[in-house]
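Some notes on the structure that comes next.
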Amino acid sequence: MKRGDILLGVIVLAIAAFFLVPKFTHHNTPASGARYAKITIDGDHYKTVELTKEASELDIKSKYGYNILKIYNNGAQMIDADCPDKVCLTFGFVSKVGQTIVCLPHRVLVEIVDENGKGNGDIDAVVQ
């Protein structure tokens, strides 16, 4: 190995460490304060439930059908629905402010919000 090879290896390792160290040192601790699952049906507020460690299930019934939302580990997951496509079951576990679960056939929206009732507030796009 020549001196240039060693120098190149050190530079590559330094760059890798620059990107990997923050990933391992940054903990996914929840933001201070409580988080809630805000549930709306057809754009109307249905219920807001606090996300807790203890497991509980919430039946969401409307004229469009039913969904079952499981609250556990300070997050939520849709575990059952009687809609034909069951896409809402594929959203998985959501726990961060701004994440959502959507069931279009039942017009159900579950959004994770903070104690002020707000999501992450980031704008995805502006259409004119």
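Of all residues in the range 49-65, those being assigned to a strand (DSSP E or B), over 16 Å from the mean Cα position of the chain (by Cα) and under 20 Å from D114 (Cα atoms) number 2.
Being surrounded by fewer than 17 Cβ atoms within 10 Å (Cβ to Cβ) and either of a type in the set (S, T, Y) or not in a strand (DSSP E or B) (or both) is the filter here, so list the residues in the range 90-112 that pass it. So that I can check it myself, show each step before the final result.
Step one: of the range 90-112, the residues surrounded by fewer than 17 Cβ atoms within 10 Å (Cβ to Cβ) are 90-93, 96, 98, 100, 102, 104-105, 107.
Passing the criteria: T90, F91, G92, F93, K96, G98, T100, L104, P105, R107.
Go through the range 1-38 and give me each residue that's aromatic (F, W, Y) and modelled with pLDDT under 85.
Start the filter on the range 1-38 by keeping residues that are aromatic (F, W, Y), which leaves 18-19, 24, 36.
The answer is F18, F19, F24.
The values are calculated or read from the model by the stated rules, or taken from the named source; none is laboratory data. These numbers were taken from a predicted model, which means no experiment stands behind them. Here the Cβ is made from the backbone with ideal geometry for all residues, glycine too, and neighbour counts use every protein chain on show.
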